[in-house]
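Asker: Okay, handing you the structure first.
The values are calculated or read from the model by the stated rules, or taken from the named source; none is laboratory data. Computed from a predicted structure; not experimentally measured. Virtual Cβ from ideal backbone geometry, glycine too; neighbours counted across all protein chains shown. Accessible surface is based on the protein model in full, side chains and every heavy atom, while ligands, DNA and RNA are left aside. Shrake-Rupley method; radii C 1.70, N 1.55, O 1.52, S 1.80 Å.
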Amino acid sequence: MKAFKYRIYPTRRQRDALQFTLDRNRELYNAALEERREAWRMSKISISYNDQSAQLPEIKEIRPEYKEIYSQILQDTLKRVDKAFKAFFRRCKNGETPGFPRFQGYDRYDSFTYPQIEKLKGKPTVSIENGKVVLPKIGHIKVKQHRPLEGKVKTCTIKREGEHWYIIFACEVEAIQKLPHTDLSIGIDMGLKHFMTDSNGDVVDDPRFFRKSHGRLKKKQQRLSKRRNKSSRRKRSAQLVGKAHKKVRNQRKDFHHKEARTLVETFETIVFEDLSMHHMVKRPKVKQDENGKYLPNGAAAKGGLNKSILDAGWGAFIELVKHKAEWAGVTVYEVDPRKTSQICSACGEEGEHKDLSVRTHICVHCGVVLDRDHNAAINILDRGLGRSPRETASPGTFRGAVA
Ligand SMILES: [Zn+2]
């Protein structure tokens, strides 16, 4: 588990709502504590969490303001009391004479917790949207997220420190098993034919299940469009489509996590193309005949390509690698992607522009023959390490097969 703490900037009204929530929970905490202390003092009866949480509906009837507080927060507060008492009884059992758990004053009781963020259905309990945290029953509060969240958000705590308010996300993050320092560097070309090709010539493909689930999704969507509005069948179809979308999203996420982890665990330096400098879609050039008439250039095929590009989600993947790399102390560079396909990685000479359909790099200057993406990946690595292809093309370090 790892905590991500961000400062939030509530408006005056929101600050009042936060403080109100905090006050009601402190009150509940102290009341629950009192009940347990009395039961124990009077008759050595130990009251359980379940006994106390079963009273929450009644409390809300008597004190309607408790209805304004998200239920799970109240439950969490009772859990805190439970924890304090369990620790107390443990120490009693160990032969110690501990003091009773203490009542909490304004200054000491400074936080409340949403104990369950992920929901079976729909949006998580607390989310960040457009620079604001969305808290149920409180509202959208401005947040300064100086670094991104990582892993699965488990719980979320709102905390007051003096005048300031913070939000703390407790996340489950995977442990990265870094290999011993290897000094290995890798350049990576992200592509359509293969998800990625690296400068060693290794290839990772999109898992085939993307395409499979995609087909299934399409069928479901077609069925949906045939349903009458508001019919229960339509509703059911819509649910199925939603579910299928979610499944594809999760599969892709898992795939990205796995590949990103492998990279970070294996290499010390990872070089990508800088996607922001150059749209990844290497657009087919507009071709005109001698009369200025436009010729077909595979633009129709591009529609399909664009979809694949969205699917592959390269940008999201690179971001993921960067986060994991930060943890593992691995360096990630993003380099100018221009002409990585044309330039020969073996001799540095610039060849002709290659259409996307041309899969092989054949150099007319030095005779090297390489897979197109492999050639690009080597160029990407060389740029990341700040060396020119010619420097590395000295005899002995020559890479790739020679025709
Ligand atoms: Zn060459």
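Asker: Taking into account only those residues within the range 361-381 that are within 13 Å of the ligand (Cβ to nearest atom) and within 17 Å of Thr197 (Cα to Cα), which is most open to solvent (accessible area, probe 1.4 Å)? Quick ask: steps written out before the conclusion?
Answerer: Keep residues of the range 361-381 that are within 13 Å of the ligand (Cβ to nearest atom), which gives 361-370, 375, 378-379.
Going one step further and asking which of them are within 17 Å of Thr197 (Cα to Cα), we end up with 361, 369-370, 375, 378-379.
Values: His361: 7, Val369: 49, Leu370: 11, Asn375: 0, Ile378: 2, Asn379: 5 Å².
Taking the candidates together, the pick is Val369.
Asker: Which residues, counting only those in the range 106-155, are crowded, with 17+ Cβ neighbours inside 10 Å and under 23 Å from Lys324 (Cβ atoms)?
Answerer: Ile117, Ile128, Glu150, Val153, Thr155
Asker: Looking only at the range 347-360, which residues are assigned to a loop (DSSP other than H, G, I, E, B), open to solvent by 60 Å² or more (accessible area, probe 1.4 Å) and within 14 Å of the ligand (Cβ to nearest atom)?
Answerer: Those that are assigned to a loop (DSSP other than H, G, I, E, B), open to solvent by 60 Å² or more (accessible area, probe 1.4 Å) and within 14 Å of the ligand (Cβ to nearest atom): Glu349, Glu352.
Asker: Can you give me the number of residues within the range 241-292 that are open to solvent by 40 Å² or more (accessible area, probe 1.4 Å), modelled with pLDDT under 75 and in contact with a strand residue (DSSP E or B) (Cβ under 9 Å, 6 or more places away or on another chain)?
Answerer: Going through the range 241-292 one residue at a time, the tally reaches 6.
Asker: Would you please name the residue that is farthest from the ligand (Cβ to nearest atom), looking only at residues in the range 313-346 that are over 23 Å from Arg252 (Cα atoms), in a strand (DSSP E or B) and open to solvent by 30 Å² or more (accessible area, probe 1.4 Å)?
Answerer: Filtering the range 313-346 for residues over 23 Å from Arg252 (Cα atoms) gives 329-331, 333, 335-346.
Within this subset, residues satisfying the condition of being in a strand (DSSP E or B) are 331, 333, 335, 343.
This time we only want the ones that are open to solvent by 30 Å² or more (accessible area, probe 1.4 Å), so: 331, 333, 343.
Numbers: Thr331: 28, Tyr333: 24, Ile343: 9 Å.
Checking each candidate, the answer is Thr331.
So that you can scan it fast, the table gives a plain yes or no per residue for (1) more than 26 Å from Gly139 (Cβ to Cβ); (2) of a type in the set (Phe, Trp, Tyr); (3) outside any helix (DSSP H, G or I):
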{"position": "Leu33", "(1), (2), (3)": "yes, no, no"}
{"position": "Glu38", "(1), (2), (3)": "yes, no, no"}
{"position": "Asn50", "(1), (2), (3)": "yes, no, no"}
{"position": "Glu65", "(1), (2), (3)": "no, no, no"}
{"position": "Ile73", "(1), (2), (3)": "no, no, no"}
{"position": "Thr77", "(1), (2), (3)": "no, no, no"}
{"position": "Arg80", "(1), (2), (3)": "no, no, no"}
{"position": "Ala87", "(1), (2), (3)": "yes, no, no"}
{"position": "Leu120", "(1), (2), (3)": "no, no, yes"}
